[in-house]
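Data block below; observations after.
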Amino acid sequence: MNLEQLEKNFESALSKDDLVDTVAKAVAFANGCQQVRKYDSAIACLNKLDVKEQKNLKAVIFTAFGTVYWEKGQLNKALIQFEHALQLFKELDDKAGKAAIFSVLGITYWRKCEWDLAIENIKDALSQNTGKDERFESLYGAFDRGIVNLHNRIRLGRELEKPLKILRPLFASTALHIILGNFEELEICLNESMVLAEQLNQGDILRAAEGIKLLAVGDSNN
């Protein structure tokens, strides 16, 4: 569905009383905007929403706002939104909501090389034992786009024949793969990352790799 149609669907939903559908259409439109890097349009769309005191919908909106900032690279703003969402999801005991937020927190801390904190959040995400939830379409869209971007960086590193420029995006992708359940890709990335890390004397990456391998083994057996 093209961006123009997604916008029409959202504007149409705004005129009705179904807040759940309106939020869903807003998230879908925001995701479409993010696909073409129209981040301000995504934010403007989300700013039109008024869900009163409905915690479940407020949490979804916080997640969507956080996702826009996350893709823009404004991680501090994103983390604030995600923490608001997580607080509400915890109050509601919304397992899918908690899984979504723990996932993005884990991936974010992984990118920041805060390995222990990342692994803790990834473990919490996997422990919720839930699949993808359509309420978080823009978040999982961001994950998919993140993998594509990392693959492009890996390819560039290979073309330049720069091991460190291969290792960084390659290892960054492992957090996304475990969250998305891409275990074959995860194993390939981990194996090559560990070889490169050993060659480059990157002991912290080797330790983190062992940690995420343990999580992957446990989750793949569930």
Check the range 80-87 and report whether any residue there is touching a residue at least 12 places away in the same chain (Cβ under 8 Å), under 23 Å from VAL148 (Cα atoms) and not hydrophobic (A, V, I, L, M, F, W, C). no
Where in the range 114-222 are the helices (runs of 4 or more DSSP H), entirely inside, with at least 2 residues that are over 16 Å from ALA99 (Cβ atoms) and of a type in the set (Gly, Ala, Ser)? 137-160, 163-180, 183-199, 203-220
Anything in the range 13-33 that is farther than 17 Å from GLU71 by Cβ, modelled with pLDDT of 95 or more and small (Gly, Ala, Ser)? List them, or say none. ALA24
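Looking at SER127, SER138, SER193, which one is out of contact with any strand residue (DSSP E or B) (no Cβ under 6 Å at 6 or more places or on another chain) and modelled with pLDDT under 95?
Values: SER138 fails: modelled with pLDDT under 95; SER193 fails: modelled with pLDDT under 95.
Unique residue meeting the criteria: SER127.
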Consider the range 54-68. How many of its residues are modelled with pLDDT under 95 and either farther than 17 Å from GLY97 by Cα or in contact with a Lys or Arg (Cβ under 9 Å, 6 or more places away or on another chain) (or both)? 0
Listed by first then second residue, the pairs whose first member lies in the range 49-62 and is assigned to a helix (DSSP H, G or I), whose partner is small (Gly, Ala, Ser) and at pLDDT 95 or above, with beta carbons under 6 Å and at least 6 positions apart or on separate chains, are ALA59/ALA85; ALA59/GLY97; PHE62/ALA85
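The values are calculated or read from the model by the stated rules, or taken from the named source; none is laboratory data. Small disclaimer: the values here were computed from a predicted structure and weren't measured. We place every Cβ from the backbone using ideal geometry, glycine too, and count neighbours over all the protein chains shown.
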